[in-house]
Structure formats: C-alpha cells, structure tokens
Amino acid sequence: MKRRESIEVQVGKVGIGADNPIRIQSMTNTPTSDVDATVSQIIELIEAGSELVRFTVKDFKDAEAVPKIKEKLEQEKYDAPLIGDFHYNGHLLLKKYPEAAQALDKLRINPGNVGFGNSHDSNFKMIIDKAIEFGKPVRIGVNFGSIDQRIFMRLMDENSKKEQEEQKSSEELVVEAMCQSAVESENLAKEYGMKPNKIILSAKVSDVSSVVNAYTELAKLTKQPLHLGLTEAGMGEKGIIATAAALSTILNKGIGDTIRVSLTPRPGASRTEEVKVAQQILQANGLRSFLPSVTSCPGCGRTSSALFQEIAEEITEYLQKRAKEWKKAGKKGFEEMRVAVMGCVVNGLGESRNANIGLSLPGSGEDPVSPVYADGKEITRLHGETRISDFKKLIEEYVENHY
Ligand code: SF4
C-alpha cells in the first residue's frame, strides 16, 4: 500500500510521518498531579508497547507535576516521549510553568476550546509561542465533542442560504467544520512562526463513517502527519470493533502516521488494553508486526474434542510469553512468524503449508495423527498426549534456525 506523503515531525526520540513506522500512542487516566501513580502507569503503557504517552495537564498542580514525572521516568531509564494534553487554560498553565513545556516532548492543543471570541487567537498564540520557545512540536487535535463553534456556525449559516437540493447533511457539515478547524489552525500556527516540521493534526469523531470521511478529506488538505483515532469508542467489544473498523479503513487508504485507541476500560482493568488493540490493528493490516500470530479455524462438527481449542489457546499464550524472551535474547523477525493450529485436515493442510509452521489436529473419523508443516513441507506427524509439548519444541527449533 502506498502511504500518503507527509512531513516528518520529530517528537522526542520518535519520528512521526514520512517513512517512519505508524506509531502507537496511549493516554493515562491517573490524576497527573499524583506523580507516582502517573509514572507507574506510563511505565506500564511503555512496557506494553506504547511508543509515546500522553497525560492531561488540566490545572496548576498538574503543570507543576510534569517536570517531576519526566525526572522520575529518566531515573527509571524510560525515555518515551511525553505529551501534555491542554484544554481551556493551556496558555495560563504554560505561562506560569514554562518548566512543563520544557519537560514535555509535544503539546496537544484543541482549537475548539483554546479560548472563545476575541481571546481564541491570542490564547492559541501563547501556546504556540511556548512551543516555539522550547522547540517542541504540537498536535492540533480537533474533536467533534468540542468542535470550534465559530466555524461550525459559519458553515451552518452558509448552508442554510443554499437551495435545498444543494444543502449538505449535518454529518457533512461536521466533517467540513472539523477539517477547516484543523487546517485553519495549522495555518495560524505557521503564521505565528511555527515550522511545518513541528505540526501534527487530528480530527476525531466517535462515529465510524464520519471519522473515515474526516480523515479522507483532511488528508487532501494538508501535508502534516495525521494522528488517527475514533474518539470515545466505548467499552469492550463495541469499542474494539468500532475502532478496528474505522482505523483499518483509514489506514488502508494509506492515511495515518500515529494511532491511539480510545477504549473505556472496565473498572479496575489495565489501561494497556488500548495499546494491545492498537498493535493488533496494525498487525492485522500488515503494517507492523509485534507478536507471532496464530491462524486457527473456528472449529465445527469435524473437530473431535475440545483439544483443538485448548491447543490453540495454549500456543497463543506460549508465543506471547516466549516473544518477550526472544526479544530480550536479541532475536529479530520472529514477530512476523505465522503459526497455524487447525481443527482438521480439510483446511488444516493448506493453512499449515501457508504458515511458517503449522499443526493440523485429526478431525472425527480421521487418522489420529497431527501432521506438522514448516516452510510448506511436512516435517513430522505428532501423536498422543505429548502433542502440545512436542509442537512447542518444534516452534523453538524453528525460531532458533530462522531468527
Ligand atoms: S479446518 Fe476442519 S475443523 Fe476447522 S472449521 Fe474447517 S472443517 Fe471445521
């Protein structure tokens, strides 16, 4: 897939846009002023694979905590870029605590709530000035929930004066207002002296078709890198499926330079779910690889017992655990390994041949052996109780010989 051309923006040690890999980022939900809790969650997110981490900076206590968070992370040897999320009062916080701007690697500005009426442009300028002073990039992040009312009202007004058949739908107006807000803010930031290689844009909506349309349009209007996200995606399966549908569609148009998955975590659940989902979206679309993948069939009346499901589950968990160790051992390329675990030979042999290494279990009425293929050739047939451990040994040998 040909990716949309974009300017490279350096955020701390991480490049975003141009030919850089599509980056994964996440956001904390601890009170930022609680330095220990925030540092601990940032480390958890980084360990899960988040390449950049954002946290809210909503008041003076949060702003005061920013350099302390940075310092503690440095002491613990974590250097992932940190992003401060500012709404309403960012200009005041950064004026009083310039150390916060200095400690952050990127500032997120929402043009829909940076200020209202005459104060909008001056507040926006104050944040841009601080970013320029400390050499930091910004993300101008437009969000449907806080859309710039000046632009939206202007478009509604223009629309109402058109002939009825030419009038745009409310969804079209939302998309247009978001794109205009992002691009007008980009131009304003440049007018205030910000260099093009310091600006990232986003236009998030919570509805799948609108977010696809917003990014499709925005991509035509700017060369800045785009941060993708379906905002307020929701909880559990609903949030994951909606996010995967939206982001996959946009990414498959070649659009997007960094992604964030905005899931509502279940009470007490780890915040890292959003990072794992982001990795799986990129891997399923063939854009990056993070973990060996398991191809397994759904099973049907031909699967002779629950053994097939148990093996598929055990091999999936085994690969996740071993991947961390292979990585520590300096192995490279194993992330792209495909392992097949199939319920019977009907599709099992084809999938096993197509995988790096694959096992087919015997279906009901089949010869009770499990053929194993590696690199398209049958290498052995496994029998009996030791099948799982024997298959794990074959995977280990495969990794040892190939990566
Ligand atoms: S591979 Fe065999 S067990 Fe799996 S779904 Fe297909 S026919 Fe059923």
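The values are calculated or read from the model by the stated rules, or taken from the named source; none is laboratory data. The model shown is predicted, which means the values in this text are computed figures rather than measured ones. FYI the Cβ positions are ideal-geometry reconstructions off the backbone, even for glycines, and counts take in every protein chain you see.
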Next on the checklist: Anything in the stretch 268-290 that is assigned to a helix (DSSP H, G or I) and among the small types (G, A, S)? List them, or say none.
Outcome noted: A278, A284
Next on the checklist: For the stretch 251-262, which positions are hydrophobic (A, V, I, L, M, F, W, C), crowded, with 24+ Cβ neighbours inside 10 Å and more than 10 Å from L287 (Cβ to Cβ)?
Outcome noted: V261
Item to check | Conditions (1) crowded, with 16+ Cβ neighbours inside 10 Å; (2) in a helix (DSSP H, G or I); (3) under 16 Å from the mean Cα position of the chain (by Cα): number failed by I241 | outcome: (1)
Next on the checklist: Given the condition touching a Ser or Thr at 6+ places or on another chain (Cβ under 9 Å), in the same structural domain as I83 (by TED's automatic domain parsing) and closer than 25 Å to I46 by Cβ, answer yes or no: does some residue in the stretch 217-225 qualify?
Outcome noted: yes
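State the number of residues belonging to the stretch 229-258 that are among the acidic types (D, E) and in contact (Cβ under 8 Å) with a residue 12 or more places away in the chain. Even if it seems obvious, please write down each step before you answer.
Of the residues in the stretch 229-258, the ones among the acidic types (D, E) are 232, 237, 257.
From what's left, in contact (Cβ under 8 Å) with a residue 12 or more places away in the chain: 232, 257.
Count: 2.
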Checklist entry - Inside the stretch 124-235, counting only helices (runs of 4 or more DSSP H) that do not spill past its ends, which hold 3 or more residues that are crowded, with 21+ Cβ neighbours inside 10 Å? => result 170-191, 208-221
Next on the checklist: Among the residues that make up the stretch 122-138, is at least one of them over 26 Å from E8 (Cα atoms) and either out of contact with any Asp or Glu (no Cβ under 9 Å at 6 or more places or on another chain) or touching a residue at least 60 places away in the same chain (Cβ under 8 Å) (or both)?
Outcome noted: yes
Item to check | Subset tally (residues that are under 23 Å from L45 (Cβ atoms), surrounded by fewer than 23 Cβ atoms within 10 Å (Cβ to Cβ) and either without any contact (Cβ under 8 Å) to a residue 40 or more places away in the chain or among the polar types (S, T, N, Q) (or both)) for the stretch 78-98 | outcome: 1
Item to check | Yes/no for Y78 being of a type in the set (F, W, Y), over 18 Å from the mean Cα position of the chain (by Cα) and on the phi > 0 side of the Ramachandran plot | outcome: no
Next on the checklist: Pairs please, first residue from the stretch 330-354 and closer than 14 Å to C297 by Cα and among the β-branched types (V, I, T), second anywhere and modelled with pLDDT under 95 and part of a loop (DSSP other than H, G, I, E, B), Cβ atoms under 7 Å, 6+ apart in sequence or on different chains.
Outcome noted: V345/E366; V346/R302
Item to check | Single residue of the stretch 338-365 satisfying the filter (hydroxyl-bearing (S, T, Y) and under 15 Å from L394 (Cβ atoms)) that is modelled with the lowest pLDDT | outcome: S360
Next on the checklist: Being within 16 Å of the ligand (Cβ to nearest atom) and not β-branched (V, I, T): is that true of R266 here?
Outcome noted: no
Checklist entry - Taking the stretch 291-318, which residues are more than 11 Å from the ligand (Cβ to nearest atom), over 15 Å from S360 (Cα atoms) and not in a helix (DSSP H, G or I)? => result L291, P292, S293
Next on the checklist: Take the residues in the stretch 198-256 that are within 20 Å of I22 (Cβ to Cβ) and of a type in the set (S, T, Y); name whichever of them is modelled with the lowest pLDDT.
Outcome noted: T231
Checklist outcome for this item: Of Q280, Q309, Q320, the only residue that is at pLDDT below 95 and within 28 Å of L228 (Cβ to Cβ) is Q320
Checklist entry - Looking at (1) in contact with a strand residue (DSSP E or B) (Cβ under 7 Å, 6 or more places away or on another chain); (2) part of a helix (DSSP H, G or I); (3) not β-branched (V, I, T), which is the only condition A80 fails? => result (2)
Item to check | Filtered residue count, the stretch 38-64, keeping only those that are over 21 Å from A269 (Cα atoms) and either outside the structural domain of V275 (by TED's automatic domain parsing) or surrounded by fewer than 23 Cβ atoms within 10 Å (Cβ to Cβ) (or both) | outcome: 5
Item to check | Identity of the residue in the stretch 320-371, acidic (D, E) and either crowded, with 20+ Cβ neighbours inside 10 Å or within 11 Å of the ligand (Cβ to nearest atom) (or both), that ends up nearest to A284 (Cα to Cα) | outcome: E351
